[in-house]
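These notes concern the structure reproduced below.
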2 protein chains.
Amino acid sequence: MSRAVVLLSGGLDSATTLAIAKDDGYDCFALSCNYGQKHAAELRAARKVAKFLGAEEHRQIKIPIGEFGGSALTDKDVSVPEDGGDGIPVTYVPARNTVLLSLALAWAEVLEADAIFIGVNAVDYSGYPDCRPGFIAAFQQLVAVATKRTVEGGTISLVAPLIAFSKAKIIERGTALGVDYSLTVSCYQADARGRACGQCDACRIRADGFKAVGIADPTRYT
Amino acid sequence: MSRAVVLLSGGLDSATTLAIAKDDGYDCFALSCNYGQKHAAELRAARKVAKFLGAEEHRQIKIPIGEFGGSALTDKDVSVPEDGGDGIPVTYVPARNTVLLSLALAWAEVLEADAIFIGVNAVDYSGYPDCRPGFIAAFQQLVAVATKRTVEGGTISLVAPLIAFSKAKIIERGTALGVDYSLTVSCYQADARGRACGQCDACRIRADGFKAVGIADPTRYT
């Protein structure tokens, strides 16, 4: 059976992505990263989701990019805004998805995995550059020359199954695959019990998605 | 003054790279990574080198790729070979330079740095895929689409000044720039006091370099 590393934040998108990878027939190795995000509740959510969806293994690793600062998600002195505003918002974490994918690549090579799944989405999203198709394509090009496995003829495919989905379509697909969204945490500033603020960009996009698809929103709000 | 992030392992190549970045006029921010390498003595060497060469700041961060295994440099159950042999050797660390560059990229974006220096070399080297020009070019392509800074028109240049140098030429250049190579540790299995084995690939390539350029080798051997 083919193996896949699945980046699992504990949010709605990555939970759906894990369900899709399973449905595609992969043995799934879920990877969650503590990068100093304020919303550490999502890491507890990731554990529940990995267990619920039957990941082969779930690893949670610590990476020090939060120490570099430069983001409302990691810097205590910068507030999470209630409105995304224009351009790339302050919740952008410098090079986060590049770092996450590089770590997934390292594990994928050791596991002899054929694929890396990442739940980025470029439709109902916050405008981050590292969620767009061009970024995924460039990383795939990099993979081809970056590892022993790939230069010796193997393939590690980057799969971003949600990239062109609306949030409503993501929820529809995940629901069909049996994802329990009450386990997931999307909020950028969820409290210690995983309850969402209902105000930030992530909360707004999530709530709109449930509304659009006509499924009851299981999110617990503060 | 322009800023540069310089990846600094504590070995001969990265020390020379830091000296070149300084000579090119950059304010240098040195980044060293503890990735679970057996030769942790190189991290102590990095501190000495950063201080000696006047880095603006030196950060040492911990990243968990060693836990994934798959390399003689991080796995206690795999010996460092005394001969590289054919192909990519077991000292290759899966996706290491991809991970290191992605972390350097994160810091560079926060620092508003214009460049990232990396001391990879594709002439007198161990054959690792992520030391080759194609890898550096692919990562540069990725950078263009990966960060807020670059998609908004800024540039973060990847500089690999040693990539086409012989080891002898690296030593010549570094010596001209005042690098004290007695501070550096190249050995894949240096002891706790930073003394080299004299047998591994890294030791062999380094010793040959000093011999070729006719400079006394300051390496301390066990």
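Read-outs: derived from the displayed coordinates by stated rules, not from any lab. These figures come from a predicted structure and were not determined experimentally. Neighbour counts are summed over all protein chains in view; Cβ atoms, including those assigned to glycine, are modelled from backbone coordinates with ideal geometry.
For the reader, a short list of remarks on this structure follows.
- The fewest-to-most ranking of A:D24, A:D124, B:D13 by surrounding Cβ atoms within 10 Å reads A:D24, A:D124, B:D13.
- Among B:V120, B:V99, B:V49, the residue with the largest mean-square fluctuation in a Gaussian network model of chain B, with springs joining Cα atoms closer than 10 Å, is B:V99.
- Checking the cross-link pairs B:K22/B:K167; A:K169/B:K148; A:K48/A:K211; A:K38/B:K22 against a 29 Å limit on the alpha carbon distance flags A:K38/B:K22 as lying beyond it.
- Around the amide H of A:I61, modelled in the peptide plane, lie the amide H atoms of A:S32, A:C33, A:N34, all under 5 Å away and 5 or more residues distant in sequence or on another chain.
- In the protein assembly as shown, a dipole from Cβ-located charges (positive for Lys and Arg, negative for Asp and Glu) runs towards its positive end, and of B:L12, B:V120, A:I163 it is B:L12 whose Cα lies farthest in that direction.
- Take B:A137, move 7 Å from Cα toward the beta carbon, and the resulting point lies 1.8 nm from the same point in each other copy, nearest first.
- Cα→Cβ-extended label distance, 7 Å offset, between A:A192 and A:R220, nm: 1.4 nm
- For the protein assembly as shown, the Kirkwood hydrodynamic radius from C-alpha pairs, put into Stokes-Einstein at 20 °C and a viscosity of 1.002 mPa s, yields a diffusion coefficient of 95 µm² per second.
- The H on the amide N of B:V159, modeled in the peptide plane, is under 5 Å from the matching H of B:I116, B:F117, B:I118, each at least 5 residues off or on a different chain.
- Note on chain B: helix-only mean residue ellipticity at 222 nm, from DSSP H runs of 4+ residues weighted -39500 (n - 2.57) and normalised by residue number, equals -11000 deg cm²/dmol.
- Helix A:167-176 axis, angle to chain A major axis (alpha carbon atoms, nearest 10°): 70 degrees
- The largest-to-smallest principal axis extents of the Cα set in chain A are 50, 39, 28 Å.
- Distances in nm from A:S182 to the matching label points in the other copies, shortest first (labels 7 Å along Cα to Cβ): 7.0
- Listing A:D75, A:D83 from fewest to most neighbouring C-beta atoms within 10 Å gives A:D83, A:D75.
- Dipole magnitude of the range B:3-213, debye to nearest 20 (Cβ charges: Lys/Arg +1, Asp/Glu -1, about Cα centre): 420 debye
- Peptide B:68-79 is shielded by partner chain Cβ atoms: per residue, an average of 2 of them sit within 10 Å of its Cβ.
- Relative contact order, percent, chain A [alpha-carbon distance under 8 Å, six or more residues apart]: 25 percent
- Taking amide H positions as modeled 1.01 Å from N, with prolines and chain starts lacking one, the residues under 5 Å from B:G10 and 5 or more places away or on another chain are B:A15.
- Peptide B:117-129 - average C-beta neighbours from other chains (10 Å radius): 1
- 0 to 90° range, to nearest 10: angle between helix B:133-146 axis and chain B longest Cα axis: 30 degrees
- Ranked list, fewest to most other Cβ atoms within 10 Å of each Cβ, for B:E42, A:E172: A:E172, B:E42
- Label-point distances for B:E67 to the equivalent site in the other copies, using a point 7 angstrom along Cα→C-beta, read 1.6 nm when ranked shortest first.
- Comparing A:I170, A:I116, A:I61 in a Gaussian network model of chain A (Cα springs below 10 Å), the most mobile by mean-square fluctuation is A:I61.
- Other protein chain Cβ atoms within 10 Å, averaged over every residue that makes up B:136-142: 6
- Angle in degrees between helix A:12-23 and the longest Cα principal axis of chain A, rounded to the nearest 10: 30 degrees
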